[in-house]
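This report refers to the structure that appears directly beneath it.
The values are calculated or read from the model by the stated rules, or taken from the named source; none is laboratory data. Since we're looking at a predicted model, the values are computed, not measured. Positions of Cβ are backbone-derived with ideal geometry, glycine not excepted, and every protein chain shown enters the neighbour counts.
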Amino acid sequence: MPFAATGASGESEPFDTSPETPPEASLFSSPAALADRLAELVALESPPGALGPLNHCADLVADWGTAVLGRPFRRVVRDGLPHLLWPAADQRILMLGHYDTVWPKGTIDDWPFAVADGRATGPGVLDMKAGIVQMFAALASLPDPSRVAVLLTCDEETGSVTSRPLIEEQAMRSGAVLVCEPGTPDGRLKIARKGGSVYRLTARGRAAHAGVEPHLGINATVELAHHVLSVRSLADEERGTSVTPTVLSGGTTTNTVPELATLTIDVRAWTRSELVRVDAALRGLVPQLDGAALELGGGVNRYPLDPEVSLPLAELAQRTAKALGMEPPGAAYAPGASDGNFTAALGVPTLDGLGAVGAGAHARGEYIELAAMPGRIALLAGLVERMLDTAQSQFMQPQLVRSQLVQSQLVQSHPAQSHLAAAHSAGRAG
Ligand SMILES: [Zn+2]
């Protein structure tokens with residue numbers, strides 16, 4: 001593969017953007033070709049963390065991307081995981097997706113790619129291999145994709161642990177991010193996603209013989225019990241904020257007062273302020289038993305995808321559909337997180353759910369509507385063309401005020417990201 005790289009970033013290392021391979025639109029030029037590409041991609045299983053299969057799948061995706069974009073890619077390897085990046089010299093738009101699926105190796109043996117009644121099914125077909133095919137098809141149809149970057153990661157289904165810095169860095173280089181995760185079953189785009197936090201609350205007490213001298217012990221399990229219900233009460237159903245005590249453990253033997261107990265807590269919310277409210281409340285917990293101590297680990301993992309960041313792009317997508325003579329897609333709130341949460345949290349305009357139309361993500365039997373593919377491809381390509389059009393350049397502006405606002409929030413609550421936010425606004429100011 002040309003320009004295989006394992007360097008730290010797509011930005012700091014030089015890259016050659018001169019055309020190397022002529023664009024090969026024919027790979028994606030007809031409904032039959034689209035179905036063929038989809039069959040090929042689903043056949044190459046890409047289970048989480050399975051380096052051999054992921055590399056095989058990456059090879060195919062890399063060939064397609066390089067053929068369509070006519071420029072070299074970078075294979076950005078993190079902990080052995082090959083993420084694929086086609087940076088752009090004058091990068092305006094980042095198309096974002098992932099080629100890993102939730103399905104273990106061998107799933108394909110009893111659930112192969114198949115088409116029936118206009119629906120294609122197979123492991124990962126909806127989430128999000130059809131989205132990748134559509135993304136490349138849209139790029140192949142563009143007269144000039146030179147200002148569009150593509151990033152396809154392979155650890156999204158396991159939390160994007162190794163790809164997150166790369167995603168954030170490439171979003172910062174771009175005026176907007178288009179995420180080709182699936183839309184809703186009726187084809188709506190995703191303009192909001194919940195953010196989430198994970199915590200581990202640890203209670204420390206003192207061990208003692210539960211039969212002989214229990215009064216000398218400090219019971220860590222009892223200490224935690226005081227907090228399970230109070231933590232649960234931080235939820236706000238009306239606002240859609242859930243606070244769920246999940247894994248609970250304590251003690252060592254049946255006849256010992258527990259000196260240690262732990263509780264994990266899962267938090268989901270539509271707004272940043274709700275995540276911050278719950279975070280502050282959890283950090284404010286005080287021990288209830290004399291001599292007990294509490295520790296809180298963890299914190300906010302992903303901030304929400306805020307509609308404020310996505311709506312201008314969603315409206316542009318609707319106008320694009322109208323201009324193409326298509327029914328404008330609706331907009332939906334999606335509870336589940338995606339990598340779009342990361343880019344939106346940085347203040348970079350982000351629109352999600354531009355991928356395939358279908359249902360059953362992460363469920364056996366997930367499928368896509370093949371007949372919807374050409375329309376989604378036309379919508380995506382049309383949207384990109386409008387975004388690149390100078391007349392629509394408000395969507396590609398830095399929105400400096402907003403990014404500074406987000407930056408100040410990040411500095412307070414996520415120090416590790418502050419340098420990125422600073423780099424973003426510095427780049428935009430120039
Ligand atoms: Zn996905």
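Quick notes on this one:
- Picking from residues in region 139-196 that are of a type in the set (A, V, I, L, M, F, W, C) and surrounded by fewer than 21 Cβ atoms within 10 Å (Cβ to Cβ), the one that is farthest from Gln318 (Cα to Cα) is Val161.
- Residue-level check: of (1) at pLDDT 95 or above; (2) of a type in the set (A, V, I, L, M, F, W, C); (3) part of a loop (DSSP other than H, G, I, E, B), Ala363 misses just (1).
- Residues in region 327-348 that are assigned to a helix (DSSP H, G or I) and of a type in the set (A, V, I, L, M) were compared, and the one that is farthest from the ligand (Cβ to nearest atom) is Ala345.
- Qualifying residue in region 356-363 (condition: assigned by TED's automatic domain parsing to the domain that holds Val177, surrounded by fewer than 17 Cβ atoms within 10 Å (Cβ to Cβ), of a type outside the set (A, V, I, L, M, F, W, C) and under 21 Å from the mean Cα position of the chain (by Cα)): yes
- So Gly131, is it within 30 Å of Ala371 (Cβ to Cβ) and in contact with a Cys (Cβ under 6 Å, 6 or more places away or on another chain): yes
Results for (1) within 19 Å of Cys180 (Cα to Cα); (2) crowded, with 18+ Cβ neighbours inside 10 Å; (3) among the polar types (S, T, N, Q), shown as yes or no for each residue.
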residue	(1), (2), (3)
Ser30	no, no, yes
Ala35	yes, no, no
Leu41	yes, yes, no
Ser46	yes, yes, yes
Val61	yes, yes, no
Arg74	no, yes, no
Val77	no, no, no
Leu85	yes, yes, no
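- Just one of the numbered conditions (1) part of a strand (DSSP E or B); (2) out of contact with any strand residue (DSSP E or B) (no Cβ under 9 Å at 6 or more places or on another chain) is not true of Arg319: (1).
- Among the residues of region 221-238, those that are crowded, with 16+ Cβ neighbours inside 10 Å and assigned to a loop (DSSP other than H, G, I, E, B) comprise Leu234, Ala235.
- Restricting Ala192, Ala176, Ala207, Ala235 to residues that are in contact with a strand residue (DSSP E or B) (Cβ under 8 Å, 6 or more places away or on another chain) and over 27 Å from Val276 (Cβ atoms) narrows the list to Ala207.
- Of all residues in region 259-270, those satisfying the criterion of being out of contact with any Pro (no Cβ under 6 Å at 6 or more places or on another chain) and not small (Gly, Ala, Ser) are Glu259, Leu260, Thr262, Thr264, Asp266, Val267, Arg268.
- Some residue of region 121-137 being within 17 Å of Leu94 (Cα to Cα), surrounded by fewer than 23 Cβ atoms within 10 Å (Cβ to Cβ) and touching a strand residue (DSSP E or B) at 6+ places or on another chain (Cβ under 8 Å): no
- Output for region 50-71, where each listed residue is in a loop (DSSP other than H, G, I, E, B) and farther than 18 Å from Leu151 by Cα: Ala50
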